[in-house]
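Reviewing the structure listed below.
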């Protein structure tokens, strides 16, 4: 099962690199997740250099959108207990991870990681349809150079109905950030 959230990895200077990711959680191996970053990403570089990360489950669409847009985290990340990275206190759960192996035989690497510690930071507040639209928008943002601006805008227009019908303040702001960033990146491609 793929679960969408936010991952923090350690950069060479020890600071956090924060980005969305959808790792696979295995039902047969519950203590292992499969991370699948593109080999051209900072996340891949950090995982190969440090072999550590923290994956977060979130219920905040704005936090997810800001990470997708490459904007700074608005809270104060704290060091993880194991030193594996940084924990985002606004997340619902955090999983400290250690890389087991790296399969870089494809453009998108497969990196099994062992959960060494998990933290319940707060109760999950739930998602509405606008949250899901923001999540899909964040995924579309990551693919704007592959799919093209016109196709991504078409999908975003379709999803916007969900935002208009069900969004709160944070979801509307998240949507605005995604639309602006998609336009900027799409025009640069």
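The values are calculated or read from the model by the stated rules, or taken from the named source; none is laboratory data. Since we're looking at a predicted model, the values are computed, not measured. Don't worry about glycine lacking a Cβ; one is built from the backbone with ideal geometry, like all the others, and counts go over all protein chains shown.
Below are the figures for this structure:
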{"quantity": "Leading residue by the ranking (nearest to the chain's Cα centre (by Cα)) among those in the stretch 39-51 that are in a helix (DSSP H, G or I) and without any contact (Cβ under 8 Å) to a residue 40 or more places away in the chain", "calculated": "43"}
{"quantity": "The listed residue being touching a strand residue (DSSP E or B) at 6+ places or on another chain (Cβ under 6 Å) and buried (at least 20 other Cβ atoms within 10 Å of the Cβ), out of 133, 138, 174", "calculated": "138"}
{"quantity": "Residue match in the stretch 154-167 (condition: closer than 27 Å to residue 11 by Cα and either surrounded by fewer than 20 Cβ atoms within 10 Å (Cβ to Cβ) or outside the structural domain of residue 29 (by TED's automatic domain parsing) (or both))", "calculated": "no"}
{"quantity": "Residue that is in contact with a helix residue (DSSP H, G or I) (Cβ under 9 Å, 6 or more places away or on another chain) and buried (at least 23 other Cβ atoms within 10 Å of the Cβ), where the choices are 85, 70", "calculated": "85"}
{"quantity": "Filter result (more than 30 Å from residue 166 (Cα to Cα), in a strand (DSSP E or B) and in contact (Cβ under 8 Å) with a residue 60 or more places away in the chain) within the stretch 52-94", "calculated": "53, 86"}
{"quantity": "Qualifying positions in the stretch 37-59 - under 27 Å from residue 123 (Cα atoms) and out of contact with any helix residue (DSSP H, G or I) (no Cβ under 7 Å at 6 or more places or on another chain)", "calculated": "52, 54, 55, 56, 57, 59"}
{"quantity": "Residues within the stretch 143-189 that are closer than 19 Å to residue 132 by Cβ and not in a helix (DSSP H, G or I), tallied", "calculated": "3"}
{"quantity": "Residue satisfying condition, being at pLDDT 95 or above, under 15 Å from residue 20 (Cα atoms) and either surrounded by 22 or more Cβ atoms within 10 Å (Cβ to Cβ) or touching a strand residue (DSSP E or B) at 6+ places or on another chain (Cβ under 9 Å) (or both), within set 53, 109, 113, 101", "calculated": "53"}
